[in-house]
Amino acid sequence: KQEVTQIPAALSVPEGENLVLNCSFTDSAIYNLQWFRQDPGKGLTSLLLIQSSQREQTSGRLNASLDKSSGRSTLYIAASQPGDSATYLCAVVRGGTYKYIFGTGTRLKVLA
Amino acid sequence: GAVVSQHPSRVICKSGTSVKIECRSLDFQATTMFWYRQFPKQSLMLMATSNEGSKATYEQGVEKDKFLINHASLTLSTLTVTSAHPEDSSFYICSAVSPHSRGGADTQYFGPGTRLTVL
């Protein structure tokens, strides 16, 4: 059974810091991995999608990497801003299905 | 880009009543949709897979008679919470699979969620 874990569970940093969020999964047979952002009481905003054949994806200040063999992904946020405060979720999709298995989430707070 | 909507965004109901939540894909046809629920400060848990024209497939531990799913058309899936109880209060999110989207990879789009509160 696929399990997705995110570390740390919560993180509070001063504005301007570069930070790394970690995601690990137990079954490497994934189709893709996706990072989402969720603001309190809101739905999901897709940040980056990494297909299984890819190693990383970049969008603006965000960079996500994927190492299937070790079952890990990291989300790097450069020059963090208070507007980055949210919960970040990683999710994996198993090959042959469209089902997302979500991680436990990291609650990020960027202090002004 | 593809958009998935949910209606209502918030609903409050009395215990024992039934509540229907709609999930629509606005600019694409989705043969497959998914329903997730999220308890406060927890992650999303997959409840069921909704397939157009066939019965939904439920994840282990999800009561199919309590959470009725109907995928009547290629753009609409509904989740009905029957005989709702306070413990059913949660955030329900749907997603829809867009076939053969940009890049050749199927892409899944998430709705904005529905907050259900059962009194």
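The values are calculated or read from the model by the stated rules, or taken from the named source; none is laboratory data. Since the structure is predicted, the reported quantities are computational estimates derived from the model, not experimental observations. Cβ atoms come from the backbone with ideal geometry, glycine included; neighbour counts cover every protein chain shown. Side chains are part of the model used for accessible areas, which takes the heavy atoms of the whole protein and leaves out ligands, DNA and RNA. Shrake-Rupley method; radii C 1.70, N 1.55, O 1.52, S 1.80 Å.
Overview of results
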read-out: Peptide A:86-99 - average C-beta neighbours from other chains (10 Å radius); value: 2
read-out: Low-density loop positions, trypsin sites (Lys or Arg not before Pro), the stretch B:21-119 - DSSP coil, at most 15 other Cβ in 10 Å; value: B:Lys41, B:Lys55, B:Lys64, B:Lys66
read-out: Tensor-based shape of the stretch A:64-105 (alpha-carbon gyration tensor, a/c under 1.5 rounded, otherwise prolate or oblate); value: oblate
read-out: Cross-link pairs beyond the 24 Å C-alpha cut-off, checked among B:Lys14/B:Lys64; A:Lys99/B:Lys14; A:Lys42/B:Lys41; A:Lys99/B:Lys64; value: A:Lys99/B:Lys14
read-out: Shape call, the stretch B:50-119: gyration tensor on alpha carbons, a/c limit 1.5; value: prolate
read-out: Probe 1.4 Å, protein heavy atoms only - accessible area per residue of chain A in square angstrom; value: 49 Å²
read-out: Probe 1.4 Å, accessible area per residue of the stretch B:1-98, Å²; value: 50 Å²
read-out: Cα gyration tensor shape for chain B, rounded if a/c is under 1.5, else prolate or oblate; value: prolate
read-out: Sparsely packed GluC sites (Glu not before Pro) within the stretch B:1-74, loop by DSSP, other Cβ within 10 Å at most 10; value: B:Glu63
read-out: Whole-Hz couplings from phi, Karplus 6.51/-1.76/1.60, listed for the stretch A:7-13; x for Gly and Pro; value: 9, x, 6, 8, 8, 10, 9
read-out: Simple label model, 7 Å out from Cα along Cβ direction - B:Lys20 to B:Ala72, nm; value: 0.6 nm
read-out: Other protein chain Cβ atoms within 10 Å, averaged over every residue that makes up B:74-84; value: 0
